[in-house]
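Only one structure is covered here, and it is reproduced in the block below.
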Amino acid sequence: MSAKLWGGRFEKPTAPSMEAFSSSFPFDVRLFTWDVAGSIAHARMLDRQGIIAREDARRLVGGLARVYAEGPPPPSTAWEDVHSFVEQRLQELVGEAAGRLHTARSRNDQVALDLRLFTRAAVCEQVDRVLQVQETLVALAEVHAESVMPGYTHLQRAQPVVLGHHLLAYCEQFQRDLERLQGVHTRADVLPLGSGALAGVPYPLDRVYVAELLGFGQLSRNSLDAVSDRDFVVEHLAALALAAVHLSRLAEEVVLWSSAEFGFLELDDAYATGSSIMPQKKNPDVAELVRGKSGRVIGSLVALLAMLKGLPLAYNRDLQEDKEPYFDAVDTVAMCLEVLNAALATADVRTERLAAAAGGSFATATDLADYLVRKGLPFRQAHGAIGALVRWCTQERRGLEQLGLDELRRFSPLFESDAVGLSPARSVADRDLPGGTAPNQVRRAVASARERLETATAWLAAQRNTLPTVERLAALPWPDE
Ligand code: ARG
């Protein structure tokens, strides 16, 4: 077991079971890079403020760069946490100077810092992946701006839409997810360092300088809040849970559409799986797993809320329990975005099946009612007339598109020849309003979605640029040299 950062007050060693129980190193080692980056920034600021000697600052920064270059050891409960590991390794490399790094700092503001840096980086990665899914959807929407299919309510064929319109509906959901992630970034972009354990620190720190070095937009305004706030994690998990639910809904459609009953879609072999017993099977496991994994992400959100609800100010060790659910949710959503994106991009869309389904089930009944309304009939009466027509067609096993004028006229004398053969293509073309499914509108929606993607891509580049790197922080020149 490694020495404790806090051993001085204790007579007895920690029990092995307590060591294992208490250690967060196996999972918070994931914060290693951010811990080193934050430590270099802190050491540079201590030097600049004359709180530690230049000699010691040089040893600290050089040593931390070496700790970073060596990389972290395999996960083990031999270290209490990543902060202890970095400091202990530094001590082995540079000796006594390592003991000065923790001046004016606590693991409480340190872990808050590391987690906020992690969040900023994770949000960037996720925005990137959401953008890729949106790009796939927009590209498919452009190709399928005229591919008619049934739109559904109650999972019953309702009115024709084009596939592009259907896919852009998901693009809108992901756009809101993306904007929520940007909001999370704003709330995470706050420097907690300088809060100490809870009460602030009695040294003349330059917090603005540390914020500049680490690319933070703001300083925390209250030390008690700064060390105990995990709202940004909850918000991130909430944004991820909702994104996972959106992915799950899309996945559910992939499952349905891959069935023989729908037959709208065939997944590429690279994204499908088979059966160990039934040789004919080609299963949409990719979509089922996305649907299933959304439950884990929802669970992580609930775990964080439950962990926080009873905590008095300020830091409590319960907060250590934030990391596993958080990291799991971040990884799970990243994988789901990646594989579902690839599965969609490579799937074969069966447009002939879509068109057949759009034509074959009274999906244009509302259009016939609207036809009668344009001829002057009140909508309720038109609804009744077409209802009777559909009932007759069902008995006679006829489709609406096959009816002649004389047959239509049995249900209303207002029908004329232009009502014959009213097709799904005409039905969608008639819905030519902003937000509607007319191919015209879908092409416009594609163009405006692309503009939003460009804006978000620029945002992403700017935020990525603010993320610190250990290499850059270690290589900065020293003041007055
Ligand atoms: N490992 C702790 C956590 O993840 C950070 C260190 C604070 N520990 C402490 N005993 N005050 O929250």
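Read-outs: derived from the displayed coordinates by stated rules, not from any lab. Values in this document were obtained by computation on a predicted structure and should not be read as measured data. Backbone-built Cβ (ideal geometry, glycine too); neighbour counts: all protein chains shown.
Things worth noting here:
- Residues whose amide H comes within less than 5 Å of that of Asn283, counting only those at least five positions distant or on another chain, are Thr273, Gly274 (H built at 1.01 Å from N in the peptide plane).
- Residues with amide H under 5 Å from that of Val161, placed H, sequence gap 5 or more: Met149, Gly151
- Counting charges near Ser258 (Lys, Arg +1; Asp, Glu -1) among other residues having Cβ under 13 Å from its Cβ returns a value of -4.
- Loop trypsin sites (Lys or Arg not before Pro), region 1-34 (other Cβ atoms within 10 Å of the site Cβ: 16 or fewer; DSSP): Lys4
- Paramagnetic reach from Leu224 in region 83-114 [backbone N under 18 Å; point 7 Å along Cα→Cβ]: 108-109
- Of the trypsin sites (Lys or Arg not before Pro) found in region 388-481, those in coil by DSSP whose Cβ has at most 16 other Cβ atoms within 10 Å are Arg397, Arg398, Arg410.
- Lysine pairs in the chain with Cα atoms under 24 Å, if 8 or more residues apart or on separate chains: 6
- Distribution of pairwise C-alpha distances over the chain, 20 Å bins, in %: 20, 39, 25, 12, 3, 0
- Table column - 3J(HN,Hα) (Hz), region 33-50, Karplus curve with 6.51, -1.76, 1.60, x for Gly and Pro: 4, 5, 5, 5, 4, x, 5, 5, 4, 5, 4, 5, 5, 4, 5, 4, 8, x
- Of the peptides 12-21, 235-244, 333-342, 174-183, the ranking by mean beta-carbon count within 10 Å, highest at the top, reads 235-244, 333-342, 174-183, 12-21.
- With the largest listed first and rounded to whole Å, the semi-axes of the equivalent ellipsoid of region 42-137 from the Cα gyration tensor are 32, 17, 13.
- Coarse-grained scattering of region 439-481 at q = 0.19 Å⁻¹, given as base-10 log I(q)/I(0) from a Debye sum over alpha-carbon atoms: -0.71
- In order along region 446-460, the Karplus-derived 3J(HN,Hα) couplings, from 6.51 cos²θ - 1.76 cosθ + 1.60 at θ = phi - 60°, round to 4, 5, 6, 4, 5, 5, 5, 4, 5, 4, 5, 5, 5, 4, 4 Hz, and Gly and Pro are given as x.
- Backbone phi angles across region 166-173, fed through the Karplus curve with coefficients 6.51, -1.76 and 1.60 (θ = phi - 60°), yield HN-Hα couplings of 4, 5, 5, 4, 5, 4, 5, 4 Hz in residue order; Gly and Pro are listed as x.
- Long-range amide H partners of Arg410 with built H, under 5 Å: none
- Cα-based Kirkwood hydrodynamic radius, region 84-154, one decimal, Å: 17.1
- Summarising the overall dimensions of region 276-362 from its C-alpha atoms, the Rg and Dmax are 20.8, 64 angstrom.
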